[in-house]
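S.K.: So that we are looking at the same thing, I have put the structure below in structure tokens.
The values are calculated or read from the model by the stated rules, or taken from the named source; none is laboratory data. Keep in mind the model is a prediction, meaning the values are calculated, not measured. Please note: Cβ atoms are built from the backbone with ideal geometry, for glycine as well, and neighbour counts cover all protein chains shown. Heavy atoms of the whole protein, side chains included, go into the accessibility calculation; ligands, DNA and RNA do not. Shrake-Rupley method; radii C 1.70, N 1.55, O 1.52, S 1.80 Å.
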Amino acid sequence: MLRPALLLLFPLLLIAAAALISAPDAQANGIMVTDTPGVPDIDIRRRRPPHPHIRRVPPVRLKGHKVSAEIQDRIASVTVEQVFHNHGGRQLEGTYLFPLPEGAVVSKFAMTMFGKMVQGEIIERQEARRIYESIVRRRRDPGLLEYMGRGLFRARVFPIEPHKDLTIRITYQQVLPEDAGTVEFRYPLATDRLNAAPVQSVAVDVRVRSSVDIKTVYSPSHSVEIKRDGEKAARVSYERSQRRQDKDLLLYVGRSPDAVGFSLQSHKEVGRDGTFMAVFAPRMKIDAKDRVPKDVVYVVDKSGSMAGPKMDQAKQAISYGVRMLRPGDRFNVLAFSTNLYPFRDGLVEATKEMQEAAVKHIEGLDAAGGTNIDGALQQALTMRQDGRLFLVVFITDGKPTVQETNPRVIVENVKKANTGSTRVFTFGVGYNLDVRLLDRIAEVTNGTRDYVTPGEDLEVVTGRFFRKVDQPALTEVKLELGSGIHDVYPKRLPDLFAGGQVVVFGRYKQAGDRTVLLRGKLGKREIVYEHNTNLTEKDQAGYLPRLWAFRKVAYLLDEIRLHGENKELVDEVVKLATRHGIVTPYTAGLVVEESEMQGRGGMPADDRLRRARLRWHGGDRREAGGKPRLGGLIPTPTTPAPVGRPSPDSSGRPSASPQAPTAKKLAGDSERLRRLKEGASAAGEDKDSGDDGLGAVRALIKSVGDKTFQLRADGVWVDKAWDGKKPTTKVEAWSQAYFELLKKGDKVAKLLAVGEKVIFVLGDTVYEIAPPAK
């Protein structure tokens with residue numbers, strides 16, 4: 001069938017809009033409409049009209065997307081550069097539309113098109129709505145619905161030459177919203193449901209400057225890199241290649257002159273408990289009068305397995321840590337193998353002479369002997385002298401082989417010896433590790449864990465840690481939020497260090513004004529920071545309940561991983577994961593099977609379900625003994641996938657051949673769960689964090705604000721809030737009733753944008769959107 005080709009292009013990405021599913025969360029996107037008649041969709045791999053079973057794409061597609069933003073206080077200047085490529089064999093003519101963010105003003109527009117400059121025009125909201133609606137009616141693509149209700153920038157584009165690139169640059173300025181000292185910057189990256197294929201390259205660079213001290217910089221949506229430049233500047237970057245983007249980039253900047261900054265976001269639906277996210281962050285540097293000296297013992301494994309590059313890296317890492325100590329700090333170095341080799345009998349002052357002597361001692365260490373983990377930790381913990389902040393940095397590449405070797409006994413010994421709230425920070429090197437032991441040691445001492453894979457530089461990983469703990473700002477931290485607060489994560493707050501931040505998620509029963517108290521110690525002084533805030537009664541941040549659920553699920557999975565499985569924990573994981581559309585080892589099979597059972601006509605009709613079904617049913621996803629494997633849940637099968645569906649085990653999940661998880665997989669599990677527990681985003685479990693074996697199953701889940709949809713076998717996206725029993729009100733897509741429904745507001749537009757076939761709950765009504773009868 002011949003039809004004009006329409007391309008969607010977010011301010012961050014350009015998106016082909018032929019028969020594609022849309023992104024419900026995007027808010028400001030560019031659109032390219034190619035107006036040349038008689039241009040068919042093509043198979044870009046062969047540059048010809050596609051086979052009926054090959055997914056069709058329009059001839060012009062987004063190739064690259066680059067965003068550069070400068071934020072000064074509340075003013076953002078954003079430059080978007082997008083590269084399109086015409087894969088077709090004809091010269092095309094089109095219109096470029098850029099939906100403007102609220103309050104944005106376009107200052108520059110240019111196209112690299114044989115040196116020609118094209119003038120553009122601003123279109124007001126009402127006329128823009130008419131344009132959007134006309135395109136939706138013509139193209140029958142719900143992805144455009146999310147753009148309705150905002151102004152447009154429009155420009156004619158000619159010629160779009162065959163097999164050539166077209167680069168478009170647009171710059172706009174915007175006044176950003178600020179609430180209680182927190183500035184919000186939002187940029188749409190949600191291209192997963194609109195683009196025919198992942199964009200080759202996506203790069204976002206945001207430079208932040210403020211006249212007031214910047215305390216917190218965080219993204220609840222993406223795993224971004226943040227670099228601080230003093231108290232009043234920061235740089236945020238995000239880059240991906242050949243990855244689908246299915247969420248807007250959301251960035252919060254908390255500004256405050258206080259010693260410890262505080263930022264809070266909250267959300268509450270009618271009849272449900274609310275959800276909040278609080279972020280605390282001290283200054284980048286601590287004044288000399290407030291600086292708290294610390295005691296550090298560096299415990300390093302020098303057993304025979306450390307010989308070679310691992311031992312060299314460990315020496316360099318510990319030497320770097322020793323040199324970073326400040327006047328007033330105390331330290332010791334304890335090497336261990338079968339026996340213990342301390343630098344000194346106890347803690348010594350971090351003078352220049354003593355530091356250089358310690359470095360020479362470290363350089364003389366050689367690798368030989370067994371691995372006496374229990375003895376090393378016992379000796380390190382006894383070096384504590386008084387009430388100062390005491391840290392143990394523990395580096396090993398192996399498992400306990402001499403003296404006490406039972407992991408449970410070692411952990412109990414650590415708990416008994418740790419009488420003064422010593423923090424133990426564990427670093428595992430390589431894959432021949434007892435990962436659970438290291439994680440348990442970090443857990444019972446309120447420390448953290450990290451792992452260095454072969455090929456990574458141990459000095460780089462530990463260097464980040466040493467810089468992080470360089471200046472303690474508040475220890476033994478406790479948070480008081482008032483009555484009615486529950487399910488707060490993390491359950492135990494870590495120490496605060498200069499330049500760091502702590503993210504806290506929780507639930508509340510009653511909205512209203514609150515006084516937040518952050519208590520802790522600065523040396524031996526008791527410190528209390530007071531912040532006044534408000535827990536909203538409004539439905540205004542629909543992403544928060546799911547982020548909170550991610551945190552709780554991560555904690556529950558970690559409990560199961562470290563302490564063993566029990567029915568109560570598993571049931572809670574399944575309940576939360578099902579409600580919020582989180583794919584876990586305990587729900588992946590349920591997602592696949594539920595999608596299959598809900599289908600009409602038996603076998604899956606949607607390619608995404610076929611892929612998920614193959615990955616789940618065809619892979620080995622269990623440990624020995626039948627327990628679900630956490631990360632690496634579905635490794636590449638060592639044998640061909642069975643043709644038929646495997647018989648389920650007693651739990652109702654398909655059975656698989658038992659295979660004990662490797663240390664590599666366990667370390668990956670630990671890292672993923674740690675990032676989820678500590679971070680401000682769900683990136684640790686999202687598609688852009690790397691494939692943990694569940695990516696194909698996650699493709700069956702879609703989130704829109706506080707709603708979760710699951711893909712059914714017949715290609716229908718079903719709102720999880722629907723019980724499947726209440727009768728639906730059927731609405732034919734693209735009909736007059738469809739566009740009347742659209743007038744109910746932006747929230748409805750986002751729900752309709754989920755796809756051409758969707759069932760969703762709105763108030764007391766369940767709407768079922770179905771394509772027109774053929």
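S.K.: Student exercise: in the stretch 354-489, how many lysine pairs 8 or more apart or on different chains have Cα atoms under 28 Å apart?
M.R.: Summing the qualifying lysine pairs gives 10.
S.K.: Roll a 1.4 Å probe over the protein heavy atoms and report the accessible area of GLU768 in Å², nearest 10.
M.R.: Roughly 20 Å² of GLU768 is accessible to a 1.4 Å probe.
S.K.: On a C-alpha basis, how far is the centre of the stretch 421-476 from the centre of the stretch 734-749 in Å? Whole number, if you could?
M.R.: Cα centres, the stretch 421-476 to the stretch 734-749: 52 Å.
S.K.: Follow-up. Provide the gained length on full extension for the span GLN540 to ARG243, in nm with one decimal, where the gain is 0.36 nm per separating residue minus the Cα-Cα distance.
M.R.: Answer, rounded to one decimal: 104.0 nm.
S.K.: Could you compute Rg(Cα) / (2.2 N^0.38 Å) for the stretch 326-381, with N its residue count?
M.R.: In units of the globular-protein estimate, the stretch 326-381 measures up at 1.20.
S.K.: Ok, one more. Are there any GluC sites (Glu not before Pro) in the stretch 347-379 that are in a DSSP loop and have at most 12 other Cβ atoms within 10 Å? List them by number.
M.R.: Numbers: sites: GLU349, GLU353, GLU356, GLU363; in loops: none.
Sites meeting the loop and neighbour criteria: none at all.
S.K.: From the cross-link list LYS66/LYS575; LYS294/LYS664; LYS302/LYS664, which pairs have alpha carbons spaced over 29 Å apart?
M.R.: Beyond 29 Å between Cα atoms: LYS66/LYS575; LYS294/LYS664.
S.K.: Per residue, how many Å² of accessible area does the stretch 479-533 show with a 1.4 Å probe?
M.R.: Values: 2790 Å² over 55 residues.
With all protein chains present, the stretch 479-533 gives 51 Å² per residue.
S.K.: Let me ask something else. Largest first, what is the accessible-area ranking of ILE410, ILE485 with a 1.4 Å probe?
M.R.: Largest accessible area first, the residues go ILE485, ILE410.
S.K.: Using a 1.4 Å probe, how large is the accessible area of TYR431, given in Å² and rounded to the nearest 10?
M.R.: Solvent-accessible area, nearest 10 Å²: 80 Å².
S.K.: As a test of reading the structure, rank GLU480, GLU568 by solvent-accessible area (1.4 Å probe, protein chains only), most first.
M.R.: Values: GLU480 75, GLU568 145 Å².
Greatest to least solvent exposure: GLU568, GLU480.
S.K.: Quick one: order GLU537, GLU81 from most to least accessible surface, probe 1.4 Å.
M.R.: The ranking, largest first, comes out as GLU537, GLU81.
S.K.: Pop out the ³J(HN,Hα) list for the stretch 485-499 in order, Karplus 6.51 cos²θ - 1.76 cosθ + 1.60 with θ = phi - 60°, rounded to Hz; leave Gly and Pro as x.
M.R.: 8, 8, 6, 8, 9, x, 5, 10, 6, x, 5, 9, 10, 4, x
S.K.: What percent does the relative contact order of the stretch 292-412 come to when contacts are Cα pairs within less than 8 Å and at least six residues apart?
M.R.: 37
S.K.: Enter the accessible area of GLU184 (Å², nearest 10), with the probe set to 1.4 Å and all protein chains included.
M.R.: 50
S.K.: Given a cut-off of 21 Å, name the pairs among LYS538/LYS744; LYS315/LYS521; LYS702/LYS743; LYS285/LYS524 whose C-alpha atoms lie farther apart than that in the structure shown.
M.R.: Correct reply: LYS315/LYS521; LYS702/LYS743.
S.K.: Further question on the same structure: Convert each backbone phi in the stretch 224-237 into a coupling constant with the Karplus relation 6.51 cos²θ - 1.76 cosθ + 1.60 (shift: θ = phi - 60°), then list the ³J(HN,Hα) values in order as whole Hz, x for Gly and Pro.
M.R.: Per residue, the Karplus-derived 3J(HN,Hα) values read 9, 9, 10, 10, 8, 10, x, 7, 10, 8, 7, 10, 10, 9 Hz.
S.K.: Can I ask one more? Would you mind classifying the stretch 366-498 by shape? Square roots of the alpha carbon gyration tensor eigenvalues, ordered a ≥ b ≥ c; an a/c under 1.5 is rounded, otherwise it is prolate if a/b is larger than b/c and oblate if not.
M.R.: In terms of gyration-tensor shape, prolate.
S.K.: By its C-alpha gyration tensor, with a ≥ b ≥ c as the square roots of the eigenvalues, how is the stretch 284-381 shaped: rounded for a/c under 1.5, else prolate for a/b larger than b/c, else oblate? Could the numbers behind the result be given before it?
M.R.: Details: a/c = 2.27, a/b = 1.83, b/c = 1.24.
Because a/c hits 1.5 or more and a/b exceeds b/c, the stretch 284-381 counts as prolate.
S.K.: Report the Cα centroid-to-centroid distance between the stretch 224-283 and the stretch 510-573 in angstrom, as an integer.
M.R.: One Cα centre to the other: 16 Å.
S.K.: Going Cα to Cα from LYS726, which lysines come in below 19 Å? Please leave out same-chain ones fewer than 8 positions away.
M.R.: Partners found: LYS707, LYS757.
S.K.: Hey, another quick one. If one computes P(r) from the Cα atoms of the stretch 493-559, what percent of pairs lie at distances over 17 Å?
M.R.: Summing the P(r) of the stretch 493-559 above 17 Å gives 60 percent of all pairs.
S.K.: Here's something else I'd like to know. How much FRET efficiency would the formula 1/(1 + (r/R0)^6) give for GLN510 and ARG156, where r is the Cβ-Cβ distance and R0 is 60 Å, rounded to 0.05? Please list the in-between numbers first.
M.R.: Working: r = 55 Å, r/R0 = 0.92.
Calculated transfer efficiency: 0.60.
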